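*Asks:* Shown below is the structure under consideration.
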Amino acid sequence: MSEQLSLDLPYRAAMGREDFFVSPGNAAAVAGIDDWQNWPHSKMVLAGPEGSGKTHLALVWAAQAKAETVRACDLEEPLIEALSCAPALVIEDVDQIAGDRAVEERIFHLHNAMAGRQAPLLLSARDAPQRWGLVLPDLASRMSQSGVLQLAPPDDALLMALLVKLAGDRGIQLTPKVVSFVLPRIERSFSAIQAFMAELDGRALAQKRAPGLTIARQILENEN
């Protein structure tokens, strides 16, 4: 079958509170986000593997707390003064800048500015702060005092919900037959579900056919 050029067009992910599926593996983290006004020292770390919903939950919280949001890798010096005055702040992927002393110092400055006003601060990472590998002792000390909300690896219900949600984000309606075929065969991780949906969408566009069982089988059984 001839294939057309498939453009990698962006899609809009549904990121509202009602779009986040609560399961036993993430219920405690969701409850902690909802209870943000009672966070010890007005700060919290949201930890979980890639694709586990950290950004989604952070955006839910940012809407509630009227928070500014920034990725740690984007923390250039000109931003610091403005972010220091934010009513609340999300810093995403903090563990990914560990070892960069200049960025760690900027985060330390933001931490102190928020703490001085008792303004809430949410930091996201793949692991708890003790495993980040921070080189700035003062920042490591402050982070070790943070509470941690842990997003656990997905269970069956969450994997199914994520598969259906990501399909819906892309305007795809998966049949029960496709879902039943995929779940027992796919790697049990958030990132695998995301990669599968991106490839399903791309192959369907390229092959000019519905993103159904045939293409799902091609992907999971490594057929060309």
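*Asks:* Can you tell me which condition D138 does not meet? The list is (1) touching a Pro at 6+ places or on another chain (Cβ under 7 Å); (2) acidic (D, E); (3) more than 25 Å from P49 (Cα to Cα), and all the others hold.
*Replies:* (1)
*Asks:* Considering only the range 144-174, how many residues are surrounded by 13 or more Cβ atoms within 10 Å (Cβ to Cβ) and part of a loop (DSSP other than H, G, I, E, B)?
*Replies:* 9
For every residue, the table says whether it meets (1) free of Cβ contacts under 8 Å to residues at least 60 places away in the same chain; (2) in the same structural domain as Q96 (by TED's automatic domain parsing); (3) not acidic (D, E).
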| position | (1), (2), (3) |
| --- | --- |
| H109 | yes, yes, yes |
| R117 | yes, yes, yes |
| P129 | no, yes, yes |
| P137 | yes, yes, yes |
| G171 | no, no, yes |
| P184 | yes, no, yes |
| F196 | yes, no, yes |
| L200 | yes, no, yes |
| G212 | yes, no, yes |
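*Asks:* Need a quick list: helices (runs of 4 or more DSSP H) entirely within the range 52-143 having at least 2 residues that are out of contact with any helix residue (DSSP H, G or I) (no Cβ under 8 Å at 6 or more places or on another chain) and within 30 Å of D156 (Cβ to Cβ).
*Replies:* The helices (runs of 4 or more DSSP H) meeting that bar are 54-65.
*Asks:* Out of Q218, Q207, report the one residue that is without any contact (Cβ under 8 Å) to a residue 40 or more places away in the chain, surrounded by 15 or more Cβ atoms within 10 Å (Cβ to Cβ), more than 30 Å from Q130 (Cβ to Cβ) and of a type outside the set (A, V, I, L, M).
*Replies:* Selected residue: Q218, the only one of Q218, Q207 that is without any contact (Cβ under 8 Å) to a residue 40 or more places away in the chain, surrounded by 15 or more Cβ atoms within 10 Å (Cβ to Cβ), more than 30 Å from Q130 (Cβ to Cβ) and of a type outside the set (A, V, I, L, M).
*Asks:* Can you find, within the range 186-196, the residue that is nearest to the chain's Cα centre (by Cα) among those that are surrounded by 13 or more Cβ atoms within 10 Å (Cβ to Cβ) and modelled with pLDDT of 85 or more?
*Replies:* Once the filter is applied, the top-ranked residue is Q194.
*Asks:* Hey, does the range 1-24 have a residue that's at pLDDT 90 or above and in a loop (DSSP other than H, G, I, E, B)?
*Replies:* No, the conditions are met nowhere in the range 1-24.
*Asks:* Also, I was wondering about something else. Of all residues in the range 100-119, which are surrounded by fewer than 23 Cβ atoms within 10 Å (Cβ to Cβ) and within 25 Å of G51 (Cβ to Cβ)?
*Replies:* D100, V103
*Asks:* Shifting gears a bit: Let me confirm something: among R131, R170, R117, which residue is among the basic types (K, R) and over 30 Å from M197 (Cβ atoms)?
*Replies:* R117
*Asks:* Give the range 30-50 a look and list any residue that's buried (at least 18 other Cβ atoms within 10 Å of the Cβ), touching a residue at least 60 places away in the same chain (Cβ under 8 Å) and under 25 Å from E187 (Cα atoms), or say none.
*Replies:* Within the range 30-50, L46, A47, G48 qualify.
The values are calculated or read from the model by the stated rules, or taken from the named source; none is laboratory data. Values in this document were obtained by computation on a predicted structure and should not be read as measured data. For neighbour counting, all protein chains shown are included, and Cβ atoms are generated from backbone atoms with ideal geometry for every residue, glycine included.
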